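Student: Just passing along the structure, written as structure tokens.
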């Protein structure tokens with residue numbers, strides 16, 4: 001039986017995190033909290049438990065046997081009916097520790113729960129220099145997504161492929177920053193390759209070189225977005241997930257959590273000033 005792990009990268013506009021919010025809270029009756037993950041390599045975070053507007057209670061945590069009173073930087077949820085594990089990561093990895101985070105947290109998680117399919121959600125904008133993409137294609141095709149898959153093979157073949165793409169034995173000026181054969185992109189994708197500078201490359205590299213015996217596929221889905229109100233981008237990416245996750249249905253009613261309230265200008269503009277604070 002396949003087991004899928006959804007990983008949202010902290011990227012442009014936080015679109016993967018917003019999409020994950022929609023997945024978890026729109027299907028809150030199907031998901032349950034599993035545990036807090038090790039946040040040693042993430043920027044510190046603590047906050048109240050999230051819930052949807054209508055329910056006014058943290059349904060996601062009610063079914064768990066774990067006493068949960070506040071949100072942390074990174075949490076794991078599970079949907080038994082869909083064999084789907086979902087990570088919600090609220091803060092970025094501390095600079096210089098991404099490799100440690102992937103090897104010690106993500107790879108261990110994939111091994112512990114015998115994950116067969118890892119799905120990485122990403123987003124990028126026109127100013128993201130690390131991403132090589134034909135953004136003009138998006139305006140012509142109205143497709144703002146890039147879908148790709150990496151079928152896991154033997155470690156030896158993967159290492160050889162990566163070394164060939166990186167040209168590790170060549171002089172620095174001859175080295176390439178593009179791995180064009182690691183992920184196979186769909187023909188209408190805005191991206192057609194992965195840069196070695198991208199987070200997704202490091203995730204794939206360590207997963208493919210770790211002892212994750214059950215892993216069969218690493219899927220990658222990125223959205224081309226603009227900075228600003230990215231809530232609509234999250235709705236679009238959420239609607240696109242059935243094309244990425246096997247057996248995942250389209251969500252007909254999107255339910256954003258209470259934490260979205262006021263984030264993108266939906267809260268009234270502060271009209272009074274009290275002791276140096278707008279209220």
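Student: State all residues of the stretch 254-271 that are assigned to a loop (DSSP other than H, G, I, E, B) and modelled with pLDDT under 90; if no residue qualifies, say none.
Tutor: 261, 262, 263, 264, 265, 266, 267, 268, 269, 270, 271
Student: Would a scan of the stretch 234-253 turn up a residue that is assigned to a loop (DSSP other than H, G, I, E, B), over 14 Å from residue 22 (Cβ atoms), at pLDDT 90 or above and in contact with a helix residue (DSSP H, G or I) (Cβ under 7 Å, 6 or more places away or on another chain)?
Tutor: Taking every residue of the stretch 234-253 in turn, at least one turns out to be assigned to a loop (DSSP other than H, G, I, E, B), over 14 Å from residue 22 (Cβ atoms), at pLDDT 90 or above and in contact with a helix residue (DSSP H, G or I) (Cβ under 7 Å, 6 or more places away or on another chain).
Student: When you look at residue 202, is it in a helix (DSSP H, G or I), buried (at least 16 other Cβ atoms within 10 Å of the Cβ) and at pLDDT 90 or above, yes or no?
Tutor: Considered against the rule, which asks whether it is in a helix (DSSP H, G or I), buried (at least 16 other Cβ atoms within 10 Å of the Cβ) and at pLDDT 90 or above, residue 202 comes out as yes.
Student: With respect to the numbered conditions (1) over 20 Å from residue 41 (Cβ atoms); (2) modelled with pLDDT of 95 or more; (3) touching a helix residue (DSSP H, G or I) at 6+ places or on another chain (Cβ under 7 Å), which one is the sole condition not fulfilled by residue 124?
Tutor: Only one criterion is unmet by residue 124, namely (2).
Student: Same structure, new question: For the stretch 30-116, please list each of the strands (runs of 3 or more DSSP E) lying entirely inside it that holds at least 1 residues being crowded, with 19+ Cβ neighbours inside 10 Å and without any contact (Cβ under 8 Å) to a residue 60 or more places away in the chain.
Tutor: Here the list reads 31-36, 74-79.
The values are calculated or read from the model by the stated rules, or taken from the named source; none is laboratory data. The structure presented is a predicted model; accordingly, all values stated were derived computationally and were not measured. Glycine also receives a Cβ, built like all others from the backbone with ideal geometry; neighbour counts cover every protein chain displayed.
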